[in-house]
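Below is one structure, written out as structure tokens, with a few remarks after it.
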Amino acid sequence: MEKKILICPLFDPWYYEFYLKGLYDFYKDYTIEFSFEDRFLRFKEFVNGPYKKEFFYYEIWENGHVKKICVAANDKCEVNETVYDGADVYAKVNVDEATLQSHSRLLPIGPNFGINYLSIPNYLNLSWKLYRKAGIKNPYFRVYTHQSLKRCSFDVYADRKPAKDNYLFYLNYPWKKHTNVTNLRKEIITMLQELDREKVISFTGGFSRRRLGPFEGLEQYSAGKRYNHKAYLQQLKQSAVAINTPAVHDCLGWKLGEYIALGKAIITTPINRVLPGNFVAGTHYMEIKDIHAELKEAIRYLVAHKEERMELEQNTLAYFEKYLTPAKAVAHIHSFAFKKAGAVHI
């Protein structure tokens, strides 16, 4: 019997090209295609509401059964109960312990990040089919052309470079609506500037800039130039340390996923989202409770102790390759789906 993967054509490429790549990498002996049947097109109801970035739906057809999979990569921990009720697996990036305990088909899959996977001809073809077969103008077309195309391919992450012993690169976005996130980042930038003046590190970065220059009021905290995604990754690869704090809504930000993918020595405040496997403080990252009391000393320590820093790097990269690559994330979902009872018989 044919083994196949059917994919909903309505998904935000900025968030889900990562998992699309995972499908093609993992299901090498399956037929993989987009489906324009009604049960896939029902996700049209979400494209203009609060869940417009939330769902990547696909089905696994194998051994006379079908498994219905929903991947949710949004920032918040809440579950869409309607979608959850119709899925065999609700795989989610941001999951807290309480939500996990109350939803037996909920699977934490850890941080991801945006990549460019679909070529322009492929995305044009998908958009044309969506219009021709279903009469739907692709609501995510502008996201693809204006955002996804600016991201690097996944292969760029595999081209890792040795870190420079005292170089530290930190670049973040200043959120207007989330002032607590921005203010914390401002304090971190201030500390890095101080460590640079003290010659502990050579610091580059700050808040990202717009085309017309730094954001108003943040001039002294802003990077000296603009970085596209490729340039950002080139600098990050050289950084001896990567600094992580929770992003918007306390979520697992893309930067954490990138830090792990690049095998960086990470200093982070406590991570209060559930990750797959065991992502352990002291083994995979250095945890600090208080930025003000501990960040400077943590940086000093890792800059001065190269062996400990390299051990964190090796452990973090091993964790990524075991749990978080696109193929391993999809493999984890597949394993979870077929351990669960109640598959719909074809």
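The values are calculated or read from the model by the stated rules, or taken from the named source; none is laboratory data. Everything quoted here is computed from the prediction, not taken from an experiment. Here Cβ is always computed from backbone atoms with ideal geometry, including for glycine, and neighbour counts include all displayed protein chains.
Among residues belonging to the range 167-181 that are over 15 Å from residue 205 (Cα atoms) and not charged (D, E, K, R), point out the one that is modelled with the highest pLDDT.
Of the range 167-181, the ones over 15 Å from residue 205 (Cα atoms) are 175-181.
Filter once more, keeping what is not charged (D, E, K, R): 175, 178-181.
Numbers: 175: 73, 178: 67, 179: 78, 180: 80, 181: 83.
For the range 167-181, the residue satisfying everything is 181.
Among residues of the range 30-57 that are at negative phi, those with a Cβ under 9 angstrom from a residue that is surrounded by fewer than 18 Cβ atoms within 10 Å (Cβ to Cβ) and acidic (Asp, Glu), sequence gap 6+ or separate chain, pair up as 30/2; 31/2; 51/45; 53/75.
Here no strands (runs of 3 or more DSSP E) wholly within the range 60-133 include at least 2 residues being in contact with a helix residue (DSSP H, G or I) (Cβ under 9 Å, 6 or more places away or on another chain) and of a type in the set (Ser, Thr, Tyr).
Within the bounds of the range 214-227, is there any residue that is more than 20 Å from the chain's Cα centre (by Cα), under 14 Å from residue 161 (Cα atoms) and either at pLDDT 95 or above or small (Gly, Ala, Ser) (or both)? No.
Against the definition (of a type in the set (Val, Ile, Thr) and touching a Ser or Thr at 6+ places or on another chain (Cβ under 8 Å)), how does residue 145 come out, yes or no? No, not satisfied. For the range 189-229, a residue qualifies if it is touching a residue at least 60 places away in the same chain (Cβ under 8 Å), in contact with a helix residue (DSSP H, G or I) (Cβ under 7 Å, 6 or more places away or on another chain) and not in a loop (DSSP other than H, G, I, E, B), and the qualifying residues are 191, 195, 229. Taken over the range 63-74, the residue count meeting the criterion of being surrounded by 20 or more Cβ atoms within 10 Å (Cβ to Cβ) and either over 28 Å from the mean Cα position of the chain (by Cα) or not assigned by TED's automatic domain parsing to the domain that holds residue 108 (or both) is 0.
Table: residues versus (1) outside the structural domain of residue 258 (by TED's automatic domain parsing); (2) without any contact (Cβ under 8 Å) to a residue 24 or more places away in the chain; (3) out of contact with any Lys or Arg (no Cβ under 9 Å at 6 or more places or on another chain); (4) not polar (S, T, N, Q).
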residue: 105; (1), (2), (3), (4): yes, no, no, yes
residue: 108; (1), (2), (3), (4): yes, no, no, yes
residue: 113; (1), (2), (3), (4): yes, no, no, yes
residue: 129; (1), (2), (3), (4): yes, no, yes, yes
residue: 141; (1), (2), (3), (4): yes, yes, yes, yes
residue: 146; (1), (2), (3), (4): yes, yes, yes, yes
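Being within 17 Å of residue 232 (Cβ to Cβ), among the aliphatic types (A, V, I, L, M) and out of contact with any Leu (no Cβ under 9 Å at 6 or more places or on another chain) is a property that does not hold for residue 262.
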